[in-house]
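Structure first, commentary second.
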Amino acid sequence: MRALAGVSFQVEPGEIFGLLGPNGAGKTTLLSILAGLLRPTSGEILFDGQPLSGTSLEQRRAIGIVPQDLALYAELSARENLQFFGSLYGLREPALSQRTATILEAIGLADRANDRVRTFSGGMKRRLNLGAALVHEPRLLLLDEPTVGVDPQSRNHIFEEVRRLNAQGMTIVYTSHYMEEVQALCRRIGIIDHGQLIACDTLAALLATLPGQIHLHVAQIPDALPERLAQLADIQLKTEGEMRFLLECSDVKNTVLRLVGVLNELQVEITALELREPSLEGVFLHLTGKALRD
C-alpha cells in the first residue's frame, strides 16, 4: 500500500501553506519526506531549485520541523533542550546561548528556562517543541499539528508566533486539525486524502466551490412569491417544507439585499432568516466525505 501517490505542489517563498487531511491521509509522511527524514520511493523534491538530499547539512540547517509527537528530553531543562538541539545544527557559544535566550523569550518560557520539562504543562511543552525547531533559524518551517491538545492561551501564543515568523520572511507549511487556524493563517491550502492531493488552491478559490445558503421562513406565501424568488439572478431555489425556502447562491450578502427587496414589495413577513457562508470545513467535508478527526 502506498502512503502517497502523485502528490505535487509548490510552496512559494515567504508564504504559509496549509495542509489538511483526515487522520491517516499521509500528511505526516509527506512532512517527513519534506524534512529529509524519509526518502520517497519515486519522485523528486526541489528546495531552492535543487534536489532535496537527506544528507545535505546545508539543506538540513535551512529546515525546521515541529513533529506531532513531542520531541523533547523530559529530564533536561527548557534551556538545556534548546542548547542541545542548537548544537546539533552546529551552533556554538556565545551564539548558542544568545539564540537560546531569544527563543525562550519568544515562546514565553524565559521564566521557566531552568525548570525540567517533565514539570511543564502540555501547552508549555508544545511551545518548547516549536522553539526547538526554531533555534537554528531555519528558512522553512514544517508544522505537524503544532497546537493539538493545548490550552487556548498556549494555542494563541503559538498561533501569533507563527504569524510573527512569517512576517519576518519565514516560509511555513502548516497542518492542523483546527480548520479556523488554517483558514485564518493560510492563503493557499492543499487537501490530502488517501495519499493523494485532491485539491490545492487559494482559500478564496476553494470557498468558491461551495454555494452560500439562505434559509428563509415566511409567514405567508403570496402566489407571486415562488416565481419572483426563482427570478433572482445567480440562485438555486429549493423548498424545505411549508413556508420554508432554501436559496443557494455565490454571493450571500448581495442576494439577501435583493431578497429583502422582493419580500418588502410583496409585503411578506419574515419569521426566520439564516445565512450560511461557505467555510473551509464545508469544502473539506464536501471533498473527503468525512470529518477531520477519527
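Taking the residues in the range 84-108 that are surrounded by fewer than 20 Cβ atoms within 10 Å (Cβ to Cβ) and in contact with a Leu (Cβ under 8 Å, 6 or more places away or on another chain) as candidates, determine which candidate is farthest from Pro146 (Cα to Cα).
Among them, the one singled out is Gly90.
Please list, ordered by first then second residue, the pairs with beta carbon atoms under 8 Å, 6 or more apart or interchain, first in the range 36-48 and farther than 17 Å from Ile65 by Cα, second not in a loop (DSSP other than H, G, I, E, B).
These pairs meet every condition: Pro40/Ile33; Glu44/Pro51.
Here is a list: Tyr73, Tyr89. Which entry is farther than 26 Å from Arg164 by Cβ and either modelled with pLDDT of 90 or more or in contact with a His (Cβ under 9 Å, 6 or more places away or on another chain) (or both)?
Details: Tyr89 fails: farther than 26 Å from Arg164 by Cβ.
Among Tyr73, Tyr89, only Tyr73 is farther than 26 Å from Arg164 by Cβ and either modelled with pLDDT of 90 or more or in contact with a His (Cβ under 9 Å, 6 or more places away or on another chain) (or both).
Pull up the range 64-83, narrow it to residues that are farther than 13 Å from Arg118 by Cα and aliphatic (A, V, I, L, M), then point me to the one that is surrounded by the most Cβ atoms within 10 Å (Cβ to Cβ).
Step by step, filter the range 64-83, then rank; the result is Leu82.
Return the residues of the range 221-270 that are of a type in the set (Asp, Glu) and farther than 28 Å from Thr209 by Cβ; say none if nothing qualifies.
Residues satisfying the conditions are Asp223, Glu227, Glu242, Glu265, Glu269.
Filter the range 103-125 for residues that are modelled with pLDDT under 95 and polar (S, T, N, Q) and give the result.
The answer is Ser121, and nothing else.
Taking into account only those residues within the range 164-190 that are touching a residue at least 60 places away in the same chain (Cβ under 8 Å) and over 10 Å from the mean Cα position of the chain (by Cα), which is nearest to Gly108 (Cα to Cα)?
Filtering first and then ranking leaves Asn166.
Restricting to the range 200-218, name every residue that is among the polar types (S, T, N, Q) and either closer than 12 Å to Leu275 by Cβ or more than 14 Å from the chain's Cα centre (by Cα) (or both). Please lay out each step first, then the result.
Within the range 200-218, the subset among the polar types (S, T, N, Q) is 202, 209, 213.
Matches in the range 200-218: Thr209, Gln213.
Given the residues Pro22, Pro51, which is the only one that is in contact with a helix residue (DSSP H, G or I) (Cβ under 8 Å, 6 or more places away or on another chain) and not β-branched (Val, Ile, Thr)?
Pro22
Taking Leu141, is it in contact (Cβ under 8 Å) with a residue 60 or more places away in the chain and either under 21 Å from Arg61 (Cβ atoms) or acidic (Asp, Glu) (or both)?
Details: in contact (Cβ under 8 Å) with a residue 60 or more places away in the chain: yes; either under 21 Å from Arg61 (Cβ atoms) or acidic (Asp, Glu) (or both): yes.
Yes; evaluated as a whole, the condition is true for this residue.
Could you list, ordered by first residue, the pairs with Cβ atoms under 7 Å in which the first is in the range 264-289 and within 18 Å of Leu19 (Cβ to Cβ) and the second is of a type in the set (Gly, Ala, Ser) and not in a loop (DSSP other than H, G, I, E, B), at least 6 apart or interchain?
From the range 264-289, the pairs are Leu287/Ala199.
Can you pull out every residue in the range 199-220 that is aliphatic (A, V, I, L, M), over 13 Å from Leu280 (Cα atoms) and in contact (Cβ under 8 Å) with a residue 60 or more places away in the chain? Lay out the reasoning, then the answer.
First, the residues of the range 199-220 that are aliphatic (A, V, I, L, M): 199, 203-208, 210, 214, 216, 218-219.
Next, from what is left, pick out any that are over 13 Å from Leu280 (Cα atoms): 214, 216, 218-219.
Correct list: Ile214 only.
Run His194 past the list (1) touching a residue at least 12 places away in the same chain (Cβ under 8 Å); (2) within 21 Å of Glu12 (Cβ to Cβ); (3) over 13 Å from the mean Cα position of the chain (by Cα) and report the number of the one that doesn't hold.
(2)
Among the charged types (D, E, K, R) and within 25 Å of Ala167 (Cα to Cα), is that true of Glu12? Lay out the reasoning, then the answer.
Working: among the charged types (D, E, K, R): yes; within 25 Å of Ala167 (Cα to Cα): yes.
In short, yes.
Give Leu257, Leu266 a once-over and let me know the one that is surrounded by 11 or more Cβ atoms within 10 Å (Cβ to Cβ), more than 21 Å from Gln183 (Cβ to Cβ) and either modelled with pLDDT under 90 or outside the structural domain of Lys27 (by TED's automatic domain parsing) (or both). Let's see the steps before the verdict.
Numbers: Leu257 fails: surrounded by 11 or more Cβ atoms within 10 Å (Cβ to Cβ).
Going through Leu257, Leu266 in turn, the sole match is Leu266.
Out of the residues in the range 173-191 meeting the condition of being of a type outside the set (A, V, I, L, M, F, W, C) and in a strand (DSSP E or B), tell me which one is nearest to Phe9 (Cα to Cα).
So the first thing to find is which residues in the range 173-191 are of a type outside the set (A, V, I, L, M, F, W, C), and the list is 174-178, 180-181, 183, 187-188, 190.
Filter once more, keeping what is in a strand (DSSP E or B): 174-175, 188, 190.
On the way: Tyr174: 14, Thr175: 15, Arg188: 11, Gly190: 8 Å.
For the range 173-191, the residue satisfying everything is Gly190.
The values are calculated or read from the model by the stated rules, or taken from the named source; none is laboratory data. None of these values were measured; they are calculated from a predicted model. With ideal geometry, Cβ positions are generated from the backbone for all residues, glycine too; neighbour counts draw on all protein chains shown.
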